[in-house]
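Right, one structure below, let's go through it.
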Amino acid sequence: MLKVAVVGVNKIGKLHCQHYHLHPDTKLVAVCDLVEERAELMAEKFGAACYTDINRMLETKKIDIVSIATAGEENGSHHYTPVMTAIEAGKDVLVEKPISNNIDKAREMVQYAAKQQVRFVCNLNHRFVPAASKGKELIEKGDLGSLLFLNMKLTIQNPKDMTPWFHMRALHPHSIDVMRYFGGDVHRVQSFMTKAPERNTWSTVSINMEFDSGAVGHLTGSYDMSRRHPIEYCEVAGDKGRFEIDNVYEKFTFFPHERDELLAQRNSILSGVGSFHDTFANRFSDFISQVKEGVPPENMNASGADALAVQEVIEAAIQSQVNNGKVIEVPQVKKPIIN
Ligand SMILES: NC(=O)c1ccc[n+]([C@@H]2O[C@H](COP(=O)([O-])OP(=O)(O)OC[C@H]3O[C@@H](n4cnc5c(N)ncnc54)[C@H](O)[C@@H]3O)[C@@H](O)[C@H]2O)c1
């Protein structure tokens, strides 16, 4: 049984606690929040030890995994300190997205995790659904042929207006992670952004991408849509076929170029993804099974390095907007130097 501690137990941290509590291979042994009442509430609910200081928690409690759901500016500035502390203590770590809103700190975390040889992953949960697995399987089997283009749309309603780049940094780790999952590394980006009336953040974006493979892609993103709209659409096309994923997990359809028969995979009402919360459960289950199986840090799914690569694309898109739509090269995430 793997012993888990959750750090930051407000809205999303509560979901972390619940999933580790329910999973048959993990036991939630500790919770930590700077706000004592929040930690107490979760500790009582799940029979875990209660802390307000991660250092004290790591000194006094035996823990295998630290799951971090802090937030901060652009939903990512508070992750750095608990992540670095947990890595220093040699724990396997899952951090919420964005890995950080500060690219230098994101780079530092990934480098440090590699140096300490701990597993470091991110909650990039949109890819942990049967529809995405099916798409990946068909790409790897060669059923799409050579990849040509990807179209992604991720639009939700978020009226918060933290900073000019809040929408880009806080939301689009999800969309760009799914694009990279299917299309590989992104080489160059070019963006145009706009704002809904009265907004401070660039709340609607249009981003062109060129992948290392030569495939091209496009992302439409927005914080300005209402809850009545589907949130996500993804299309991936090659020279042999094309697939579409509707709304993260609702429907997968593959359209081969040379056959009239389509391959459709529904989200079963009995065994499929029941709600968006199940994407968390799937992501945590994948992490837990990889830790249990002893998967080496560099082979972890949706790793810290993946989360960093996504953030590099986001920063390049921001640079493009700042520079009047200029094409920007994306710095590639190098294999961390272990010394
Ligand atoms: N994966 C997803 O689909 C998804 C969806 C929504 C939000 N998120 C992410 O989840 C994270 C948390 O979001 P939230 O809305 O719950 O944030 P929140 O601000 O409501 O909660 C964060 C909690 O962390 C605590 N905290 C901050 N620094 C701490 C520290 N050093 N030690 C202990 N506790 C600390 C705060 O006191 C607070 O209780 C964000 O990064 C957000 O981007 C992910």
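The values are calculated or read from the model by the stated rules, or taken from the named source; none is laboratory data. Source: prediction; values computed, not measured. Cβ atoms come from the backbone with ideal geometry, glycine included; neighbour counts cover every protein chain shown.
Being in contact with a helix residue (DSSP H, G or I) (Cβ under 6 Å, 6 or more places away or on another chain), within 19 Å of Ala170 (Cα to Cα) and outside any loop (DSSP other than H, G, I, E, B) is the filter here; which residues of segment 101-119 pass it? Result: Ile103, Lys105, Ala106, Met109, Val110.
Listed here are the residues, each with its yes/no results for (1) touching a Gly at 6+ places or on another chain (Cβ under 7 Å); (2) at pLDDT below 95; (3) crowded, with 24+ Cβ neighbours inside 10 Å; (4) not hydrophobic (A, V, I, L, M, F, W, C).
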residue: Asp143; (1), (2), (3), (4): yes, no, no, yes
residue: Ser146; (1), (2), (3), (4): yes, no, no, yes
residue: Gln157; (1), (2), (3), (4): no, no, no, yes
residue: Asp161; (1), (2), (3), (4): no, yes, no, yes
residue: Pro164; (1), (2), (3), (4): no, no, no, yes
residue: Met168; (1), (2), (3), (4): no, no, yes, no
residue: His187; (1), (2), (3), (4): no, no, no, yes
residue: Arg199; (1), (2), (3), (4): no, no, no, yes
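When segment 122-137 is filtered for residues that are surrounded by fewer than 21 Cβ atoms within 10 Å (Cβ to Cβ) and farther than 20 Å from Ala307 by Cβ, the ones remaining, listed by number, are Pro130, Lys134, Glu137. One residue stands out in segment 254-278 among those that are outside any strand (DSSP E or B) and of a type in the set (D, E, K, R): the one that is nearest to His16 (Cα to Cα), namely Asp278. Listed conditions (1) over 16 Å from the mean Cα position of the chain (by Cα); (2) closer than 26 Å to Ser77 by Cα; (3) not basic (Lys, Arg) are all met by Pro173, apart from (1).
Taking Leu154, is it part of a strand (DSSP E or B) and within 16 Å of the ligand (Cβ to nearest atom)? For Leu154, the condition - part of a strand (DSSP E or B) and within 16 Å of the ligand (Cβ to nearest atom) - is met.
Take the conditions away from the ligand (no atom under 16 Å from the Cβ) and outside the structural domain of Leu15 (by TED's automatic domain parsing) and apply them to Pro256. Does it pass? So Pro256 fits the description; yes. Test Pro98 against the criterion of being part of a loop (DSSP other than H, G, I, E, B) and near the ligand (Cβ under 9 Å from one of its atoms), and give yes or no. Yes; evaluated as a whole, the condition is true for this residue. Restricting attention to segment 266-279, the residues being within 19 Å of Ile231 (Cα to Cα) and either within 16 Å of the ligand (Cβ to nearest atom) or more than 21 Å from the chain's Cα centre (by Cα) (or both) number 9.
A quick yes/no check of all residues on (1) more than 19 Å from Asn282 (Cα to Cα); (2) in the same structural domain as Val83 (by TED's automatic domain parsing); (3) of a type outside the set (Ser, Thr, Tyr):
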{"residue": "Arg119", "(1), (2), (3)": "no, yes, yes"}
{"residue": "Leu147", "(1), (2), (3)": "yes, no, yes"}
{"residue": "Lys160", "(1), (2), (3)": "yes, no, yes"}
{"residue": "Thr163", "(1), (2), (3)": "yes, no, no"}
{"residue": "Phe166", "(1), (2), (3)": "yes, no, yes"}
{"residue": "Val178", "(1), (2), (3)": "no, no, yes"}
{"residue": "Tyr181", "(1), (2), (3)": "no, no, no"}
{"residue": "Phe192", "(1), (2), (3)": "yes, no, yes"}
{"residue": "Glu198", "(1), (2), (3)": "yes, no, yes"}
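In segment 4-54, the residue that is farthest from the ligand (Cβ to nearest atom) out of those that are among the aromatic types (Phe, Trp, Tyr) and surrounded by fewer than 24 Cβ atoms within 10 Å (Cβ to Cβ) is Phe46.
For segment 60-95, a tally of residues being within 11 Å of the ligand (Cβ to nearest atom) and part of a helix (DSSP H, G or I) returns 10. Does Lys97 fit the bill of being at pLDDT 95 or above, surrounded by fewer than 22 Cβ atoms within 10 Å (Cβ to Cβ) and in the same structural domain as Ala114 (by TED's automatic domain parsing)? So Lys97 does not fit the description; no. For segment 279-313, a residue qualifies if it is assigned to a helix (DSSP H, G or I), β-branched (Val, Ile, Thr) and under 24 Å from His23 (Cα atoms), and the qualifying residues are Thr279, Ile288, Val291. Note on segment 54-70: residues that are acidic (Asp, Glu) and over 26 Å from the mean Cα position of the chain (by Cα) total 1.
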